[in-house]
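First up is the structure itself, then whatever we jot down about it.
The values are calculated or read from the model by the stated rules, or taken from the named source; none is laboratory data. It should be emphasised that the depicted structure is a prediction, and the values quoted were computed from it without experimental measurement. So basically every Cβ, Gly included, is an ideal-geometry build from the backbone, and we count neighbours across all protein chains shown.
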Amino acid sequence: MAAKNDRLALLRDYLDNDTQQIKEMLELFLKTLPSDLHELTVFCEKNDTENIRKTAHRIKSSVKLFGLNNVGDILQKMEFFNKKNTLPQQAKTLMKQVNQLMNQAFEQLREELASL
Amino acid sequence: MKHPLKIFVVEDDLFYGELLKRHLSLNPDNEVHLFKAGKECLDKLYLKPDVISLDYGLPDMAGDKVMKKIKEDYPELPVIIVSGQEDIKTAVKLLRDGAYDYFVKDTDTKDRLWNTVNNIRRHKDLSIELDELKDEIKQKYAFRNIIKGSSPALQKVFSLMEKAIHTSITVSISGETGTGKELVAKAIHYNSSRAKKPFIPINVSAIPNELIESELFGYEKGAFTGANTRKIGKFEIAEGGTLFLDEIAEMDANMQTKLLRVIQEKELTRVGGHEVIKTDVRLIVATHRNLAEEVQKGNFRQDLYYRLLGLPITLPPLRQRGLDVILLAKYFANHYCKENGLEKKTFTKAARDKLMGYTYPGNVRELAAIVELAAVMSDGKYIDEQHISFNSAGVPSDILSEETTLADYNIKIIRYFLEKYNNNVVLTAEKLGVGKSTLYRLLKNKKDV
């Protein structure tokens, strides 16, 4: 239970513990992030390093706000991808890890949302 | 007093941007607008935000480019850069280019942003307060509020002051002590385009000759014994504003030469220093002496005299301002009664005549003191002649100040009374105890009266 609560600690802090606002922001995260991850997955499949870099940079900070630092670290790696140093398989492997970790996190966060 | 603060948050991550917006909106005095791209923000700058929180890594434009565009039109607008990753080199460059602050998105972002925005709010509140105070001062120093009177002599002064406020020409004010030279200088400054910059008065006669240079131009550390730190001089403090040099005629010859150089070159060097500092200061000078006479006597440099003469304004002595005496007396009486919680007092006719019959060698300052005392001495609603006391004889001293013929004395006396009674010939004749025709006959002989 402690781990679950920690996921929302920063959010509570940002929103002065306002449950309604926490709920709305959690809903927004659960709505926007899956489509961002989907986009990123497609870019990884195409080995589109420019868009991998941009998208990873954009969502990295939001993910870290939920204490998902392991996902944040992988996204940071992807942020420094470029055509010369990136193997197509490498992007796909990292993306797979991100999706796995995020699916677990989404499940936890949905439970949190239901309990608010 | 708190004022609303308009904040732009520019952030391409919808979730992160919304979170910052909601966080900053916890303070109801913040009005937060969220933008997803640099161009969106630039298009809305006409809304005049007070601060911009700008993500460095935007999809359409890099943060430094967005900031550069913002600074082109709004150089004073604080821009806080919030970056996804720490990059010291970029941070230093952005701060050099005018960013208000730079920080990385991490667990401290919330508090740093909150504190930085609060600092900007405090700065804005202080700036607004300062502007309001400056406006108050401007009102206070509006010509008609500061210099009371409607005599023709004073109207001439107003007309010259109007000319002075629309230019940066040096103004030289002359007039007897107590005529209000510093008030006129302040009124010119606070009604001019320099009103929001400092007005720095300095009385030359009050500063020993050996200190005046460092007082005016400042000094560097170690310039002389006791100069433990650098000190900025009055010229630098008054930068963009007005420097009022009162009793300029008392300045010694050596200092006159140095002042002339600064006026000519528009630059100065602090005592003991080498750095040449550009200066943009409007000069207003004043003296109770006749500066032209001081030049003739060799006490004042002729070249400096012409540099300082600029627009000369001569303040009339109170004895030449006719019924202004009564107008001013009423003003001072009301002021003192209000200040001391006394009921409003009116001057009796005898009191008014007594006031009009005096010559006021100390001018307006003396009248103010006389009225203050009269207001205190009077117990009822009226100020009568017995409440008014003068400290010197009521003889118009300038009339007898030089030897002349009886005919010229007559003319001087008539002139004095005409001025005093606003050129009312009937009243002047009555006061002098002669007929109107006698007065006209005497005047006829002197066309310039």
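If you check B:SER168 against the conditions, is it touching a residue at least 40 places away in the same chain (Cβ under 8 Å), part of a loop (DSSP other than H, G, I, E, B) and under 28 Å from B:THR314 (Cβ atoms)? Criteria met by B:SER168.
One residue is enough: does the stretch A:80-91 have a residue meeting the conditions part of a helix (DSSP H, G or I), in contact (Cβ under 8 Å) with a residue 12 or more places away in the chain and away from chain B (no Cβ under 14 Å)? Yes, because at least one residue in the stretch A:80-91 is part of a helix (DSSP H, G or I), in contact (Cβ under 8 Å) with a residue 12 or more places away in the chain and away from chain B (no Cβ under 14 Å).
Restricting the first member to the stretch B:410-434 and to residues that are under 18 Å from B:SER151 (Cα atoms), and the second to residues that are in a helix (DSSP H, G or I) and of a type in the set (Lys, Arg), the beta-carbon pairs closer than 6 Å and six or more apart or on different chains are B:PHE417/B:LYS431.
Consider A:ASN99 against the criteria (1) surrounded by 20 or more Cβ atoms within 10 Å (Cβ to Cβ); (2) within 11 Å of the chain's Cα centre (by Cα); (3) more than 19 Å from B:GLU18 (Cβ to Cβ); (4) touching a residue at least 24 places away in the same chain (Cβ under 8 Å): it satisfies all of them except one. Which criterion is unmet? Unmet for A:ASN99, out of (1) surrounded by 20 or more Cβ atoms within 10 Å (Cβ to Cβ); (2) within 11 Å of the chain's Cα centre (by Cα); (3) more than 19 Å from B:GLU18 (Cβ to Cβ); (4) touching a residue at least 24 places away in the same chain (Cβ under 8 Å): (1).
If you go through the stretch B:1-44 and keep only what is charged (D, E, K, R) and over 16 Å from B:LEU77 (Cβ atoms), you end up with B:LYS2, B:GLU11, B:ASP12, B:ASP13, B:GLU18, B:LYS21, B:ARG22, B:ASP29, B:LYS36, B:LYS39, B:GLU40.
Among the conditions (1) among the acidic types (Asp, Glu); (2) outside the structural domain of B:ASP280 (by TED's automatic domain parsing); (3) in contact with a strand residue (DSSP E or B) (Cβ under 8 Å, 6 or more places away or on another chain), the only one that B:GLU215 does not satisfy is (2). Listed by position, the helices (runs of 4 or more DSSP H) enclosed by the stretch B:343-436 that each have at least 2 residues that are modelled with pLDDT under 80 are B:406-420.
Evaluated against (1) under 29 Å from A:SER35 (Cα atoms); (2) part of a helix (DSSP H, G or I); (3) more than 14 Å from every other protein chain (Cβ to nearest Cβ); (4) aromatic (Phe, Trp, Tyr), B:TYR16 falls short on exactly one condition, (3).
Condition (residue is farther than 23 Å from B:VAL82 by Cβ and not acidic (Asp, Glu)) applied to the stretch A:48-58: is it met by at least one residue? Looking through the stretch A:48-58, at least one residue is farther than 23 Å from B:VAL82 by Cβ and not acidic (Asp, Glu). The residues of the stretch B:155-168 that are more than 17 Å from B:VAL325 (Cβ to Cβ) and either surrounded by fewer than 13 Cβ atoms within 10 Å (Cβ to Cβ) or outside the structural domain of B:ASP280 (by TED's automatic domain parsing) (or both), listed by number, are B:SER159, B:GLU162, B:HIS166.
Considering B:PHE15, B:PHE35, the condition of being in contact with a strand residue (DSSP E or B) (Cβ under 9 Å, 6 or more places away or on another chain) and either within 22 Å of B:LEU94 (Cα to Cα) or without any contact (Cβ under 8 Å) to a residue 24 or more places away in the chain (or both) is satisfied by B:PHE35 alone. Of all residues in the stretch A:34-68, which are part of a helix (DSSP H, G or I) and either at the interface with chain B (Cβ under 9 Å from one of its Cβ atoms) or closer than 17 Å to B:GLU18 by Cβ (or both)? Selection gives A:PRO34, A:SER35, A:ASP36, A:LYS54, A:HIS57, A:ARG58, A:ILE59, A:LYS60, A:SER61, A:SER62, A:VAL63, A:LYS64. If you check A:LEU28 against the conditions, is it part of a helix (DSSP H, G or I), at pLDDT 90 or above and within 11 Å of chain B (Cβ to nearest Cβ)? Spelling it out, A:LEU28 is indeed part of a helix (DSSP H, G or I), at pLDDT 90 or above and within 11 Å of chain B (Cβ to nearest Cβ). All conditions but one from (1) under 22 Å from B:SER192 (Cβ atoms); (2) in contact with a Leu (Cβ under 9 Å, 6 or more places away or on another chain); (3) β-branched (Val, Ile, Thr) apply to B:ILE120; the one that does not is (1).
Against the condition more than 24 Å from A:GLU79 (Cβ to Cβ) and touching a helix residue (DSSP H, G or I) at 6+ places or on another chain (Cβ under 9 Å), how does B:ASP12 come out, does it pass?
So B:ASP12 fails the test.
When the test is whether a residue is under 20 Å from B:TYR102 (Cα atoms), within 36 Å of the chain's Cα centre (by Cα) and either surrounded by 19 or more Cβ atoms within 10 Å (Cβ to Cβ) or away from chain A (no Cβ under 13 Å) (or both), B:LYS6 passes it.
For the residues B:GLU31, B:GLU86, the requirement of being within 14 Å of another protein chain (Cβ to nearest Cβ) and closer than 23 Å to B:ARG112 by Cα singles out B:GLU86. For the stretch A:1-21, taking the residues that are at the interface with another protein chain (Cβ under 10 Å from one of its Cβ atoms) and not in a loop (DSSP other than H, G, I, E, B), the one that is surrounded by the most Cβ atoms within 10 Å (Cβ to Cβ) is identified as A:TYR14. Quick check: is even one residue across the stretch B:133-142 small (Gly, Ala, Ser), surrounded by 12 or more Cβ atoms within 10 Å (Cβ to Cβ) and closer than 23 Å to B:GLU31 by Cα? For the stretch B:133-142, residues small (Gly, Ala, Ser), surrounded by 12 or more Cβ atoms within 10 Å (Cβ to Cβ) and closer than 23 Å to B:GLU31 by Cα: absent.
Residues of the stretch B:320-347 that are out of contact with any helix residue (DSSP H, G or I) (no Cβ under 7 Å at 6 or more places or on another chain) and in contact (Cβ under 8 Å) with a residue 60 or more places away in the chain: B:LEU323, B:LEU327, B:TYR331.
In the stretch B:126-151, what count of residues is obtained for those that are at pLDDT below 90 and in a helix (DSSP H, G or I)?
18
With the structure loaded, tell me whether B:ALA185 is touching a Lys or Arg at 6+ places or on another chain (Cβ under 8 Å), part of a helix (DSSP H, G or I) and within 13 Å of B:ALA286 (Cβ to Cβ) or whether it fails that test. No. In the stretch B:101-129, the residue that is farthest from the other protein chains (Cβ to nearest Cβ) out of those that are in contact (Cβ under 8 Å) with a residue 24 or more places away in the chain and in contact with a strand residue (DSSP E or B) (Cβ under 7 Å, 6 or more places away or on another chain) is B:LYS124.
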